[in-house]
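The values are calculated or read from the model by the stated rules, or taken from the named source; none is laboratory data. Because the structure is predicted, anything quoted here is derived from the model rather than measured. Cβ placement follows ideal geometry from the backbone for every residue including glycine, while neighbour counts extend to all protein chains displayed.
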Amino acid sequence: MSDGLDHDLVIVGSGPAGMAASLVAAEHGERVLVLDEQRQPGGQVFRAMEKNDAASRPELGDSYYAGSKLIRSFRRANVDYRPGTTVWHVSSEGEIGFTQDGEAKIVKAGHVVVATGAMERPFPVKGWTNAGVMSAGAAQVLLKEAGIGIENAVFAGTGPLLYLVVYQYLQAGIPVKAVLDLTPAENYFAAVRHLPAAILSSGKLLRGQKWKRRITRSNIPFLSGIRNIRICGTGAVNSIEYLVGSTWNKIETQNVLLHQGVVPNINISASAGCDTRWNERQAAWTVVVDEWFRSSQSRISVVGDGAAIGGAVAAQHAGYLAALGALERLGKIDTTIQTKLARAHAVALRAELRLQPFLETLFRPARHMRIPVMDDVVVCRCEEIHAGQIREFVGIGCSDPNQVKSFSRCGMGPCQGRFCGHTVSELIADIESRPVGEVGYFRLRPPVKPLRLSELATLSDLPKVD
Amino acid sequence: MAVPSNKTGNTADVIVIGGGLHGLSAALHLSMQGVDVTVLEKDYCGRHASGVNAGGVRRLGRALPEVPLSVAAAELWQNIEQLVGDDCGFESTCQIKVAETEADLRKLQHRSKELQDLGFDHEEIIDRKTLRKLLPAVNPECVGGMVVHGDGHANPFRTVQAFRHRASSLGAQIYEGAQVTETDRRHGVWVVRTANGNRHEAPVVINSAGAWAGRFADQMGDRVSLRPAALMLMITARLPAFIDVVVGATGRTLSFKQFENGTVMIGGGFEGQANLETNQTTLDFAGLATSARSAIAIFPIMQKARIVRQWAGIEGMMADGIPVLGPSQSEGLFHSFGYSAHGFQLSPICGKIVSDLVLTGSTDLPIAAFRADRFNT
Amino acid sequence: MFIDVSKQPVETITVTFEGEELCIRSGLSIAAGLLEAGIIHFRNSPVTESPRSPFCMMGVCFECLVIVNGIANCQACMIEAREGMRISRQSGDGSGLTGTKAD
């Protein structure tokens, strides 16, 4: 390539945001590389779309199958799509390090669009590391990709995805032992003030209501107002205890499916130096972006649930806008064209996000479900660090997550803080009575996924960093 | 912990610029003599080279002028708990330099003789058999090496905290988030201002600002050639225990250490890029790939290793690879910087040297080679 | 129990887990295949050697690490199960080199 670049645009992630961005860029003649560690396009929300059809698997639902059109367009587009590649590094200079077929490669892009999506919010409760405990998202992946249902599991938590999966299980005829709804009662009152805006998104609202109504009318025990849970078993789950009022009750089960919302997967963005911000209503770390989804690093855009949670349809519109932003920055379109092409998507995006304040308020997990009160709850699953240990380190003066990490190894395991980072930030903020935004998050470094030394050793013919 | 900088004026006997290990060591030794010390650290103590190095405690392979200091420091390390009230995670085992080829071995033998001629015998040449015995996992093609028994490693972050706490308990005032913006000498007193508007005064200043020390040296009248560098390190996920000593190579740049929890740190002096204003570093993957190949070449078991973290620490490198340590030509100013990625082990003694210089004007240890003005032609 | 609701004709492959032969549906990830076969205990955690199962099924939790054909630290949810694969639990220090019944 005469300009020293391997590609004009590199897109990390082939979920709705990534696919939409790549279509727009390709239409404008850009050399687009799309990297995704999954083996098929669709991200998590449209996972395994190419394997499923509405006739034989109707339980997956209309909003799932609505994604098939985008995937077909993506397959037809003139992009270099590489499934099964793991990105372990994105630099602020537009360098991307990834592994493909056991070999490490580095490419240089004119612009990078990070569309890595969301992941489950940590759910630090007693016993959550027991074998047999999975996330509701995991159950949905199994349902979509493998056509596997988990019989007689207890679902626990809050959030639309929880109800959706139970609804899909009902439709598929998979028996559910019980649903423990931990949505805090006070959230209903707090969410009321966002109802007027929510009414304008009545379609989405009614859909959610439909799932819940179907569940409560079924013979699945649906228990609301649950204040806390404890998962029991020595090694493998044998039961789950739940707190109603001041009484603990028990349900026997070998599988517990937890969910209390999703949070952006910010590891790539943060390690590339993109500014992040704590969003108090969402109780999540988000990536700071402008209206074109450009981050604080001029060569990097972050879009979709990987920047801030907004759902699949919003992600798709945002993906279009991010690509337009990148094209303008690369000088491939002028601002007039950019504004013209963006208009419909910007309007649609705003409409899609109207329900967010309501959803975020209603399904905001209770404080004690995000910040464990009991010291013996595991916070860092990888290194098995408990809340009490973290409190001790803060007590001896560790006032930020990185100092806690240096002392305790919390956040140093293979998941690189994905399942403990939010908890640690909030825990420190709680102990020190400081705002979470000020406490900060782990300082993230490459590789953002573990990289085999033998793969790194294969790296050769590297582009010069300017 | 950090004493908030909410005073507008502060006087002390000595101001130390830079709260890394060398600054804290100077502060400690001075405080031990009853001197009133203020330490001004722009980020937090141990944020840069001091807190993120490989923790090697070695006399092995030192540049010749550093050897007497290193030997003196080694004695302090053997009793570090007495000095700072914490063992700093120091493990006294040994450090080994591996010779992969006969040419490497000849180089080591030449060096060993050089050192013996100066009266030091801590570096011992070992043959292939002994190397295999000390390092069973080493590539069997390696022909021998050099070992220093009693060398070892410590926990850098813990060491910084220990020096800091001890200094503080003896009266040193340590300010974090206090970036020095101006230094000015008036009527025999240094006036030092920080970014948050505070002002400190003292007749003596110690410049131990690491990669940033060159700027202060220049400002305060000593031209030195200090280059900021981003030295890269990698850490792996756990591996079964296969070495308990720190290892370096001869013919290539590599340093290698396995922690008690099984993770391995691979360093070796390859550089990325550093930005002194933003504390940001950029990695150079060609260098990391070379380090990866070196690690696998010397320890084949590393084929199975996975890297979980790569980073670069900002360090100040001197053109001749040895520090600037000693009095400035300017009155009331002393330097202790430019340790060029190997200052950790020296820190306990260099603080004492600085303290002796401040209080008596001289030190027992030979520091002529470290003069600030050695770059003047 | 993990049950098949795919409504597809069942084709199977044979793999071994901990030295024992296992018949699983073809086209599944190793994690999905093992779960459907009733295996919930995938590895032992490094610090306390507690049994762990997959948690997220999307490659971010690193709970599903197993040894595949002698290579440790494979994310079972990210790799498609293939005929003849030898799979075993990863143990203790996470290196896999002390795994039970590894090849």
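A few comments on the model shown:
- Search result, residues across segment A:384-410 that are within 14 Å of chain C (Cβ to nearest Cβ) and surrounded by fewer than 23 Cβ atoms within 10 Å (Cβ to Cβ): A:Glu384, A:His386, A:Gln389, A:Ser408, A:Arg409
- Screening segment B:259-273 for residues that are in a loop (DSSP other than H, G, I, E, B) and not aromatic (Phe, Trp, Tyr) and picking the one that is surrounded by the fewest Cβ atoms within 10 Å (Cβ to Cβ) gives B:Glu260.
- Some residue of segment B:195-203 being in contact with a Pro (Cβ under 9 Å, 6 or more places away or on another chain), farther than 22 Å from B:Met32 by Cβ and modelled with pLDDT under 95: no
- Lone unmet requirement of (1) out of contact with any strand residue (DSSP E or B) (no Cβ under 8 Å at 6 or more places or on another chain); (2) buried (at least 24 other Cβ atoms within 10 Å of the Cβ); (3) not β-branched (Val, Ile, Thr) for A:Asp305: (1)
- The number of residues in segment B:357-366 being surrounded by 15 or more Cβ atoms within 10 Å (Cβ to Cβ) and without any contact (Cβ under 8 Å) to a residue 60 or more places away in the chain comes to 2.
- Conditions (1) surrounded by fewer than 23 Cβ atoms within 10 Å (Cβ to Cβ); (2) within 23 Å of A:Val166 (Cα to Cα); number of the one not met by A:Gly261: (1)
- Within the set A:Gly102, A:Gly13, A:Gly94, A:Gly18, the sole residue that is under 26 Å from A:Val263 (Cα atoms), of a type outside the set (A, V, I, L, M, F, W, C), within 14 Å of chain C (Cβ to nearest Cβ) and in contact (Cβ under 8 Å) with a residue 12 or more places away in the chain turns out to be A:Gly13.
- For segment B:132-149, a residue qualifies if it is assigned to a loop (DSSP other than H, G, I, E, B) and touching a strand residue (DSSP E or B) at 6+ places or on another chain (Cβ under 8 Å), and the qualifying residues are B:Leu135, B:Val138, B:Cys142, B:Val143.
- Here A:Val379 qualifies as within 14 Å of chain C (Cβ to nearest Cβ), under 21 Å from A:Gly437 (Cβ atoms) and among the aliphatic types (A, V, I, L, M).
- None of A:Arg364, A:Arg343 is outside any helix (DSSP H, G or I), at pLDDT 95 or above and away from chain C (no Cβ under 14 Å) except A:Arg364.
- Where strands (runs of 3 or more DSSP E) fall wholly inside segment A:46-113, the ranges with 1 or more residues that are out of contact with any Gly (no Cβ under 7 Å at 6 or more places or on another chain) and among the small types (Gly, Ala, Ser) are A:95-100.
- Selection status of B:Ile206, in a strand (DSSP E or B), within 23 Å of B:Gly51 (Cα to Cα) and in contact with a Lys or Arg (Cβ under 7 Å, 6 or more places away or on another chain): no
- Note on segment A:354-391: residues that are of a type outside the set (A, V, I, L, M, F, W, C) and over 23 Å from the mean Cα position of the chain (by Cα) amount to 6.
- When segment C:2-55 is limited to residues that are of a type in the set (S, T, N, Q), outside any strand (DSSP E or B) and farther than 24 Å from A:Asp53 by Cα, the one that is nearest to the other protein chains (Cβ to nearest Cβ) turns out to be C:Ser53.
- Filtered residue count, segment C:56-81, keeping only those that are of a type in the set (S, T, N, Q), more than 8 Å from chain A (Cβ to nearest Cβ) and closer than 22 Å to A:Gly421 by Cβ: 1
- Number of residues in segment B:274-295 that are part of a strand (DSSP E or B), surrounded by fewer than 18 Cβ atoms within 10 Å (Cβ to Cβ) and at pLDDT 90 or above equals 1.
- Within segment A:192-210, residues that are closer than 18 Å to A:Gly159 by Cβ sit with their Cβ atoms under 8 Å from residues that are of a type in the set (D, E, K, R) and modelled with pLDDT of 80 or more, at 6+ positions apart or across chains, in these pairs: A:Ala198/A:Arg354; A:Ser201/A:Glu352; A:Ser201/A:Arg354.
- Taken over segment B:314-356, the criterion of being within 22 Å of B:Arg158 (Cβ to Cβ) and in a strand (DSSP E or B) is satisfied by B:Ile314, B:Glu315, B:Ser336.
- Any hit, segment A:71-87, residues being more than 30 Å from A:Leu161 (Cα to Cα) and modelled with pLDDT under 95: no
- Some residue of segment A:5-28 being in contact with a strand residue (DSSP E or B) (Cβ under 6 Å, 6 or more places away or on another chain), surrounded by fewer than 19 Cβ atoms within 10 Å (Cβ to Cβ) and assigned to a loop (DSSP other than H, G, I, E, B): yes
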